[in-house]
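Participant: Before I ask anything, here is the structure I am working with.
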Ligand SMILES: Nc1nc2c(c(=O)[nH]1)N[C@H]1C(S)=C(S)[C@@H](COP(=O)(O)OP(=O)(O)OC[C@H]3O[C@@H](n4cnc5c(=O)[nH]c(N)nc54)[C@H](O)[C@@H]3O)O[C@H]1N2
Ligand SMILES: Nc1nc2c(c(=O)[nH]1)N[C@H]1C(S)=C(S)[C@@H](COP(=O)(O)OP(=O)(O)OC[C@H]3O[C@@H](n4cnc5c(=O)[nH]c(N)nc54)[C@H](O)[C@@H]3O)O[C@H]1N2
Ligand code: SF4
Ligand SMILES: [Mo]
């Protein structure tokens, strides 16, 4: 029976394999959503090496969201105060082409800007890079990975010489010690975490430590939870390094032969005495010594991290400080070892590989590097010098450029910035000033469609065939199993059609996405992320991990074979001298520390069931029921001070904005810190936006904003206001 389609879960970067079956199965009643649409059946793919048949609630329910509130055809309006009218593809694309040409004339190439997403497939990403960076001569392509993985990217680049997570999931089942910092993997990377949790349970000698200001589900599973004060990660990491030095628990031959800049680092950490560190991080001295002992005594150490590290005004320094510990102990490039960033989105990895940030070019290349530019120009058949040497706007610079009139055309693809950008009131005001905004999404409405002049309907998961790369560098072919809804088209086809209408026809004519991929993989040849041996045809037989070059001989027909499981197994790094680099950083702490006016630190993050801005999970009944409303976590001590109890409402005020949440009193959060989920935009609750409160201060190296911490004050909402119905209500479905 061949009505099973193999594909990948389109949510998180764990990248679980899925099998999809048609809604109607012989002998069984067809399941339907509440609008009567038949629901495709989804189950885990046991043959997928990353997930081995497992799925979490999001993957299991994905098909229930496919037919609700879809954007079905292009829509246009002259200004934001007018209603949209339906348009043909021809009319919408001609309008875009006319505007692109006008903006090029008036503002030059830098007046054009695209803001994309780690949820695009690699083929989409590649065509967008080719169009913007190659043919439209602007590097203004940034993606929501700026808010997500950019600190990891830059940390890897600076410390190891290239982006690219060096580990694989099997390492989670071969390690002696798992050090999890700034990651709530139990909720956000559940299937990868399950593999670790099971192995940890079976092997009592294996240790697991979680560093997080909250006692998350992840922390519950650990041997030791360090509830550090937000923003003190570098103190902790340097404090561990101090003890390792003191105890002589370092791998001297590795440091001598495979690294550089150790003396500067050794000098810097000499200030991080245990007493000082324990006090700065607000953790017991014993706990600091315990975690340092695990680092000292474990032969195989793996560290996992995500947004608690990256989303920080010192995100790159945090990442590099963590990598330092692996370099000190020689725990990299070996089974069960290494610094392992858990990627957020399903294809943020593919985005990085194909050049999807404003400083990158395809194949882990940099726009600043003249050799890289020349290679890509030659590959795309462009005249030498056509690719700009200037990095384009980052997400934050895009907001600034909108404010100053520097952008004449903004194209938003597969992201919902009117929920996800920091300092939302400022971001909204900037978007409202955009002379011409295209929003290309699968759903309508989203919070961002309110700011669009043109809406383009995108084919989404299951409606287009393309590839995605997960956190462990495994590439999976995501096969279409149903036609696009309405008039929707795959993102890459839309970009290619615009390119053809601009007159770049011969360079943007592809019969299908397999042909796009066949071109793309060639440009990765010889790079760290060498995918040049891959094709849709090969991937149709099963997922394959990179590096997988066309020049190497792939004797073993089995995917996921040993040689490409880990990077740097020969302990040579892609730096000019082949050595990994220590990076010495002092802790600078939070960009906006609490003070008497704003005495609490607000941190923001995710819940197990919801995906980001709810465009899909908000439309799934089971998930809605798991989280009836947005809430704020407060420690009992702070609740007492504020005079609030469970289910009271509080106004949360920062220097930039105000939101309102139901109170959840819990010891899972440290006193002085409060937590709100990021999932409720203005369509899903009246006034529960996390990002109304956050600020846009960013890491100087990665430009990743500090979404994890800002200073706030709380005040109890008097009950008469609540009764008047001014509180948030989770009711988009009711509205539409
Ligand atoms: N269910 C679900 N899963 C998802 C997603 C989703 O929307 N929903 N999104 C995906 C994406 S794109 C991403 S990026 C990942 C994110 O995955 P995670 O990074 O695991 O998720 P977050 O909840 O954003 O943040 C993780 C933790 O950082 C902690 N933290 C805050 N400040 C600090 C600090 O200063 N130091 C340390 N050490 N920790 C701190 C928070 O308390 C929080 O528990 O999840 C992916 N998976
Ligand atoms: N306060 C706070 N803010 C945060 C974070 C945080 O931790 N705290 N995390 C940040 C991080 S790590 C991330 S990754 C971002 C995520 O933030 P966003 O990217 O804004 O969130 P999503 O809801 O995933 O938006 C994806 C959009 O793409 C659409 N879509 C889905 N499939 C397709 C497709 O195939 N094509 C097209 N064209 N559209 C499609 C969906 O309908 C949806 O509107 O949020 C960031 N913002
Ligand atoms: S763990 Fe991530 S990839 Fe796997 S099913 Fe859940 S959301 Fe999808
Ligand atoms: Mo993310």
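Participant: I'm trying to understand the selection: among the residues of the stretch 509-530, which are surrounded by 22 or more Cβ atoms within 10 Å (Cβ to Cβ) and closer than 22 Å to residue 480 by Cα?
Facilitator: 513, 516, 517, 520, 521 - these are the residues of the stretch 509-530 that are surrounded by 22 or more Cβ atoms within 10 Å (Cβ to Cβ) and closer than 22 Å to residue 480 by Cα.
Participant: I would also like to ask the following. What are the pairs, 6+ residues apart or on separate chains, where a residue within the stretch 1-27 that is in contact (Cβ under 8 Å) with a residue 24 or more places away in the chain and closer than 14 Å to residue 39 by Cα has its Cβ under 6 Å from a residue that is within 16 Å of ligand 3 (Cβ to nearest atom) and assigned to a loop (DSSP other than H, G, I, E, B)?
Facilitator: Between residues of the stretch 1-27 that are in contact (Cβ under 8 Å) with a residue 24 or more places away in the chain and closer than 14 Å to residue 39 by Cα and residues that are within 16 Å of ligand 3 (Cβ to nearest atom) and assigned to a loop (DSSP other than H, G, I, E, B), the close pairs are 19/45; 20/40.
Participant: Of the conditions (1) within 16 Å of ligand 1 (Cβ to nearest atom); (2) out of contact with any strand residue (DSSP E or B) (no Cβ under 9 Å at 6 or more places or on another chain), residue 426 fails just one. Which one is it?
Facilitator: Unmet for residue 426, out of (1) within 16 Å of ligand 1 (Cβ to nearest atom); (2) out of contact with any strand residue (DSSP E or B) (no Cβ under 9 Å at 6 or more places or on another chain): (1).
Participant: While we're looking at this one, here's another question. Do you know which of the residues in the stretch 13-43 that are crowded, with 20+ Cβ neighbours inside 10 Å and farther than 16 Å from residue 460 by Cβ is farthest from ligand 1 (Cβ to nearest atom)?
Facilitator: Looking at the filtered set, the residue picked out is 17.
Participant: Would you be able to tell me the number of residues in the stretch 598-610 that are within 11 Å of ligand 2 (Cβ to nearest atom) and crowded, with 23+ Cβ neighbours inside 10 Å?
Facilitator: 4
Participant: Pick from 412, 419, 439: which is within 23 Å of residue 77 (Cα to Cα), within 23 Å of the chain's Cα centre (by Cα), assigned to a helix (DSSP H, G or I) and not assigned by TED's automatic domain parsing to the domain that holds residue 690? Please lay out each step first, then the result.
Facilitator: Numbers: 412 fails: assigned to a helix (DSSP H, G or I); 439 fails: assigned to a helix (DSSP H, G or I).
Answer to the check: 419.
Participant: Does the stretch 463-480 hold any residues that are away from ligand 3 (no atom under 14 Å from the Cβ), assigned to a loop (DSSP other than H, G, I, E, B) and out of contact with any helix residue (DSSP H, G or I) (no Cβ under 6 Å at 6 or more places or on another chain), and which are they?
Facilitator: 463, 464, 473, 479, 480, listed by residue number.
Participant: Going through the stretch 673-720 one residue at a time, which ones are part of a loop (DSSP other than H, G, I, E, B), surrounded by fewer than 21 Cβ atoms within 10 Å (Cβ to Cβ) and within 15 Å of ligand 1 (Cβ to nearest atom)?
Facilitator: 697 - this is the single residue of the stretch 673-720 that is part of a loop (DSSP other than H, G, I, E, B), surrounded by fewer than 21 Cβ atoms within 10 Å (Cβ to Cβ) and within 15 Å of ligand 1 (Cβ to nearest atom).
Participant: Oh, and also: Being buried (at least 24 other Cβ atoms within 10 Å of the Cβ) and within 27 Å of residue 189 (Cβ to Cβ) is the filter here; which residues of the stretch 356-377 pass it?
Facilitator: 356, 357, 358, 360, 362, 363
Participant: When both residues are 6+ apart or on different chains and their Cβ atoms are under 6 Å apart, which pairs have a first residue that lies in the stretch 600-618 and is more than 24 Å from residue 714 (Cβ to Cβ) and at pLDDT below 95, and a second that is more than 9 Å from ligand 2 (Cβ to nearest atom) and in a strand (DSSP E or B)?
Facilitator: none
Participant: For a quick check of your reading of the model, give me the residue pairs whose first member lies in the stretch 310-328 and is within 18 Å of residue 700 (Cβ to Cβ) and more than 14 Å from ligand 1 (Cβ to nearest atom), whose second is modelled with pLDDT under 95 and part of a helix (DSSP H, G or I), with beta-carbon atoms closer than 7 Å and at least 6 apart or on different chains.
Facilitator: So the pair list comes out empty.
Participant: Is it true that some residue in the stretch 484-495 is within 16 Å of ligand 4 (Cβ to nearest atom), in contact with a helix residue (DSSP H, G or I) (Cβ under 9 Å, 6 or more places away or on another chain) and within 29 Å of residue 704 (Cβ to Cβ)?
Facilitator: No, that holds for no residue.
Participant: Run residue 158 past the list (1) within 14 Å of ligand 4 (Cβ to nearest atom); (2) surrounded by fewer than 22 Cβ atoms within 10 Å (Cβ to Cβ) and report the number of the one that doesn't hold.
Facilitator: Residue 158 satisfies every listed condition except (1).
Participant: Answer with yes or no whether residue 193 is crowded, with 18+ Cβ neighbours inside 10 Å, more than 26 Å from residue 600 (Cα to Cα) and touching a residue at least 60 places away in the same chain (Cβ under 8 Å).
Facilitator: Working: crowded, with 18+ Cβ neighbours inside 10 Å: yes; more than 26 Å from residue 600 (Cα to Cα): yes; touching a residue at least 60 places away in the same chain (Cβ under 8 Å): no.
Answer is no for this residue.
Participant: Suppose we filter 624, 614, 629 for residues that are under 24 Å from residue 62 (Cβ atoms) and crowded, with 21+ Cβ neighbours inside 10 Å; which single one remains?
Facilitator: Answer to the check: 614.
Participant: Moving on to the next point. So residue 353 fits all but one of (1) surrounded by 24 or more Cβ atoms within 10 Å (Cβ to Cβ); (2) assigned by TED's automatic domain parsing to the domain that holds residue 265; what number is the exception?
Facilitator: (2)
The values are calculated or read from the model by the stated rules, or taken from the named source; none is laboratory data. Quick caveat, the model's predicted, so the values are computed rather than measured. Methodologically, a virtual Cβ is constructed for each residue, glycine included, from the backbone with ideal geometry; neighbour enumeration extends over all protein chains shown.
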